[in-house]
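Here is the structure we will look at.
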């Protein structure tokens, strides 16, 4: 019975520290449960003493039964209050829950930076990821090679579609 009182006290302290709206009700009810448990222990000791002395222990038994019913009633009251209790996360607990997401985001960024060009190159080789500008430039090159278009048109299309090519073209033209 001592363990029951310690347990009830620990539960009351735990719910008090959580600090939510139903906590006070739970703490009060748990305290009442502890008091009833102490009363039952006392009644049982008195019943034993009365029985050993030749007396009738039934009144103590009835009191203990009434107190046990009170414990049962109060435990149901605690169970009704439990859903109203909200967990409160500390700042460091919230931080720890964010760290895996931050690590996953960092991995995705690093993969995008380092593996992205390789993936794009592989997709280009398979013909999956070719931009419309590159397709237009290639079509003009095919026309130039077939004699259906002027090379100047192909170069102009390439310069318009690729800014890096345009800068390199100007540098090459100026002799830089």
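Checking each residue in the stretch 53-64 for being in a helix (DSSP H, G or I) and either surrounded by 13 or more Cβ atoms within 10 Å (Cβ to Cβ) or modelled with pLDDT of 85 or more (or both) picks out 59, 60, 61, 63, 64.
State whether the residues of the stretch 157-165 include one that is out of contact with any helix residue (DSSP H, G or I) (no Cβ under 9 Å at 6 or more places or on another chain) and either surrounded by fewer than 13 Cβ atoms within 10 Å (Cβ to Cβ) or at pLDDT 80 or above (or both).
Here is the first cut: in the stretch 157-165, the residues out of contact with any helix residue (DSSP H, G or I) (no Cβ under 9 Å at 6 or more places or on another chain) are 163-164.
Then drop every residue that is not either surrounded by fewer than 13 Cβ atoms within 10 Å (Cβ to Cβ) or at pLDDT 80 or above (or both), which leaves 163-164.
Yes; the residues of the stretch 157-165 include at least one that is out of contact with any helix residue (DSSP H, G or I) (no Cβ under 9 Å at 6 or more places or on another chain) and either surrounded by fewer than 13 Cβ atoms within 10 Å (Cβ to Cβ) or at pLDDT 80 or above (or both).
Looking at 145, 96, 140, can you tell me which residue is under 30 Å from residue 23 (Cα atoms) and surrounded by 10 or more Cβ atoms within 10 Å (Cβ to Cβ)? After applying the criteria, what remains is 96.
Quick one: which residue in 68, 123 is under 30 Å from residue 43 (Cβ atoms) and surrounded by 11 or more Cβ atoms within 10 Å (Cβ to Cβ)?
Working: 123 fails: under 30 Å from residue 43 (Cβ atoms).
Of the residues listed, the single one that is under 30 Å from residue 43 (Cβ atoms) and surrounded by 11 or more Cβ atoms within 10 Å (Cβ to Cβ) is 68.
The values are calculated or read from the model by the stated rules, or taken from the named source; none is laboratory data. Worth saying up front: this structure is predicted, and the values here are computed from it rather than measured. Cβ: placed from backbone, ideal geometry, glycine included. Neighbour counts: every protein chain shown.
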